[in-house]
Amino acid sequence: MAPLTRSTQPPGLCGWGRTHLPGAEIRGENLARLSEGRPLSRGLGRSYGDASLLASPDAVAVNTTLADRLLSFDESTGLLRAEAGLCLAELNRLFLPRLWFTPVTPGTKFVTLGGMVASDVHGKNHHVSGTFGRHVESLLVRTGRGVVVECSRTEHPDLFFATLGGMGLTGHILEVSVRMVRIPSTWMVSETHRVESLDELLALLDEKGKTWPYTAAWADTVTRGKGRGRGILFLGRWAEPHEAPPEVSKGGLSIPMPFDLPSGLLNRFTIRVFNELVYRSHFGKTRRKVVSPDQVFYPLDWVRNWNRAYGSRGVTQHQSVVNKATGREALLEMMGVLEKFGAASFLTVIKDCGEQGEGLLSFPKPGISLALDVPMLDRSKEMIHELNEIVLRHSGRIYLTKDGMTTPEDFRKMDDRIDAFLEVKRRWDPDFEFRSAQSARLFGIGG
């Protein structure tokens with residue numbers, strides 16, 4: 001059996017937001033054998049809060065990253081089968097030159113296929129293509145009954161839909177079958193628009209989403225007055241062969257963040273300065289150019305371990321989707337909460353969400369999504385609660401992959417699908433063997 005590996009300084013396991021909890025992980029190539037009796041699988045640890053951390057300090061998680069084999073690919077249909085530990089970066093490296101791409105990608109390529117399923121990730125094309133789960137054909141899952149089950153929309157569909165976005169609580173995802181999409185070239189056409197207000201940003205996001213498959217906006221949450229919510233709208237589509245350079249596009253260079261910056265360095269003053277520089281650096285109202293996919297999808301990946309910029313205290317992300325009809329008011333209210341607590345979001349992203357995902361706990365539904373990256377504060381839990389109250393007032397919900405502080409009371413008010421999910425979990429995991437620190441916090445499943 002592979003040796004146990006533990007995080008260091010401090011000991012235990014860590015989420016991307018730098019939340020540390022006691023526990024260990026074990027790695028190996030045979031997930032079916034390795035996962036027996038283990039409460040949780042985790043991949044590259046990119047969930048911000050406690051979703052991939054253990055509920056019990058003496059528990060051992062399965063790290064899937066060594067189980068990364070590509071099992072099959074049908075060139076005629078795009079159907080790919082791979083082990084759950086395959087990294088999206090490797091998938092892109094192998095298939096982009098062959099003019100195939102994942103149907104949905106999150107904002108980082110350093111995620112595993114299993115993690116993409118467990119979070120039912122969405123991307124800049126959610127208004128067009130939905131979540132990753134929409135394109136998943138079948139899954140191989142080790143359930144709480146101790147058996148390995150193939151599930152799909154026609155075979156054990158209850159397990160299949162509960163596993164999409166189920167945060168790893170229905171079993172260990174061993175293999176994933178997903179349908180890739182054909183692309184016309186390895187390059188993308190990128191268009192950006194500088195906008196002067198939140199009203200203009202939301203209107204342009206809605207308008208451009210009707211013709212552009214990939215849309216998202218960066219917003220300034222610190223500037224006061226009518227400039228609050230100003231930002232830059234990012235649009236993208238795959239370049240046609242006549243628009244693209246002849247060579248295959250390459251991934252961007254990356255530089256390491258070799259040490260932690262001082263906690264508190266990112267504050268309202270420094271973030272205001274940063275936002276001003278970003279906004280002013282976009283010369284002119286509109287720009288268009290042909291770029292690599294990494295520049296469109298993964299702008300943060302060029303700095304490895306960029307979460308160290310928040311210091312040892314770390315960062316909490318709050319991502320929500322709210323009713324589109326009152327989205328402007330909700331976003332302004334949430335920006336007001338940040339100001340009230342003396343907080344600021346270093347990276348703020350606004351996206352347009354399409355139809356609800358098929359997974360029983362999938363995050364997106366029709367509306368406007370706001371993602372806030374806020375340096376950890378002494379009153380962060382209180383701040384998150386006030387943000388959640390706004391989400392509730394505007395018929396919204398939060399994204400579990402980013403959450404580490406929501407109370408079970410707030411979460412239950414947001415989502416009427418919880419009981420249906422827990423019913424399926426009891427069916428396939430009657431002893432509640434699969435659990436995480438997040439499930440202990442939100443559902444009372446832990447220990």
(request) Take the stretch 194-211 and flag every residue that is touching a Leu at 6+ places or on another chain (Cβ under 7 Å) and over 15 Å from G354 (Cα atoms). (result) V195, L198, L201, L204
(request) Would you confirm whether any residue within the stretch 338-346 is under 20 Å from the mean Cα position of the chain (by Cα), crowded, with 22+ Cβ neighbours inside 10 Å and modelled with pLDDT of 95 or more? (result) yes
(message) With within 21 Å of the chain's Cα centre (by Cα), surrounded by fewer than 24 Cβ atoms within 10 Å (Cβ to Cβ) and assigned to a loop (DSSP other than H, G, I, E, B) as the only criterion, which of R441, R435 stands out?
(response) R435
(message) So, in the stretch 199-256, exactly how many residues are surrounded by 14 or more Cβ atoms within 10 Å (Cβ to Cβ), more than 22 Å from the chain's Cα centre (by Cα) and hydroxyl-bearing (S, T, Y)?
(response) 2
(message) Can you tell me how many residues within the stretch 168-186 are surrounded by fewer than 24 Cβ atoms within 10 Å (Cβ to Cβ) and either modelled with pLDDT under 95 or not in a strand (DSSP E or B) (or both)?
(response) 5
(request) Name the residue, out of T270, T326, T316, T286, that is over 28 Å from R393 (Cβ atoms), surrounded by 13 or more Cβ atoms within 10 Å (Cβ to Cβ) and in the same structural domain as R379 (by TED's automatic domain parsing). (result) T270
(request) For the stretch 279-320, enumerate the residues that are assigned to a helix (DSSP H, G or I), at pLDDT below 95 and of a type in the set (A, V, I, L, M, F, W, C). (result) L300, W302, W306, A309
(request) Scan the stretch 394-432 for residues that are over 20 Å from G359 (Cβ atoms), of a type in the set (D, E) and either surrounded by 17 or more Cβ atoms within 10 Å (Cβ to Cβ) or free of Cβ contacts under 8 Å to residues at least 40 places away in the same chain (or both) and report the count. (result) 2
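The values are calculated or read from the model by the stated rules, or taken from the named source; none is laboratory data. Since we're looking at a predicted model, the values are computed, not measured. With ideal geometry, Cβ positions are generated from the backbone for all residues, glycine too; neighbour counts draw on all protein chains shown.
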